[in-house]
Amino acid sequence: MFVINNPIDLYKFELPNLKTTKAYRMKISEQIELSNKTARLPWNKLVICLFALCLTIYACKSPTSPANDTEVNEDIAIDEDFDNLIWSDEFDMDGAIDTAKWFHQTRLPNGQSWYNGELQHYTDRTDNTIVEDGLLKIIAKKEAYTDQGQTKQYTSARLNSKFVFQKGRVEIRAKLPIGEGTWPAIWMLGQNITENGAYWYNLGYGTTPWPACGEIDIMEHWGTNQNQIKSATHTPSSSGATLNSGGQTIATASTAFHVYALDWTDQQLVFSVDDVVHYTYNPSTKNSSTWPFTAPHYLLMNVAIQPSIEPEYTSSAMEIDYVRVYQ
Ligand SMILES: [Ca+2]
């Protein structure tokens, strides 16, 4: 979220990795469903189905790519079940956002502006953040607004969760704003970040500058590159125009709701949309430079306005149906 770049250059479209947690789990559940159905089939079909099941299981356990015992054991170790809901917001209370769960980050970090030449003020007004019809709406609008001695021509909102966690699965069902120059993001930062005005920093948790605190970008979307969804990590080993990113095309990103998810284990970060994986971050060497994901992180949701905002832009919203965290 910190660096402005042409996302086209950064995409590394990767094929779904069937060894990742979610996909692997889906594979098994399909087979369970298959074996349940076979109970009503004639015995000869049952034998065929069981044979197919055995073949499939054998195939899953025997990767054709370079493999060794370590890799197989790692696959088993990372197949963690995150099925216990530990925190969520369904946004089912109309009006202002639940301030027991969310903090409005409004302070200009350097007293002048936000990062990357962004044009917006973030406010805590219901003009920019409102819950309606079961949806949270983060509304980025064109309007002159003065705060902290600075007048800007756009307003929006940036939320920090008053909840942190380490490892687990995050699901956010969202529909994205539309308009060249809009930049919505659903992401995470280390609780220990030293960032003036951030919720946890204000409470005294700040010990570690970015990117050593770690950043996990679950979903970013640039209106200048409509329907290209991107995920990334920022660490001391690669930050800013990070090498560690991937994405996929979601043709209805701004017209329909999709589930953006992160699966965070000790071994890897797996990013997906509607359970289709587009990026896995899994550095072979894990240390404070490559893997600062050994400490709690908090969630952020915001819509930034880039200098490339189209002149006719007036208002658009990121709509979020729910945020759910499982461990
Ligand atoms: Ca909802």
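Only the coordinates and a few stated rules stand behind these numbers; no lab work does. Just so it is clear, the model here is predicted, and its values are computed rather than measured. Because the Cβ atoms are built from the backbone with ideal geometry, glycine has one as well, and the counts that use them run over all protein chains shown.
Taking 0.36 nm per residue of separation and subtracting the Cα-Cα distance, full extension of the segment from residue 133 to residue 110 would add 4.6 nm. In region 141-284, taking the dipole from charged Cβ atoms about the Cα centre, the farthest positive-side position among 187, 153, 165 is held by 153. Taking label points 7 Å from Cα along the Cα-to-Cβ direction, residue 225 and residue 289 give a separation of 2.7 nm.
Take residue 210, project a point 7 Å from its Cα along the Cβ direction, then tell me which residues of region 103-125 have their backbone nitrogen under 15 Å from it. From region 103-125, the list is 105-120, 122.
What is the calculated FRET efficiency for residue 196 to residue 256, with r their C-beta to C-beta distance and R₀ = 51 Å, to the nearest 0.05? Rounded to the nearest 0.05, the efficiency is 0.85. Counting every C-alpha pair in region 241-294, the share spaced more than 12 angstrom apart comes to 69%.
Separation of region 123-166 from region 263-327 is 19 Å, based on Cα centroids.
Could you compute the FRET efficiency for residue 88 and residue 151, with r as their C-beta to C-beta distance and R0 at 41 Å, rounded to 0.05? Mind dumping the intermediate values first?
Numbers: r = 37 Å, r/R0 = 0.91.
Given R0 = 41 Å and the Cβ-Cβ separation, E is 0.65.
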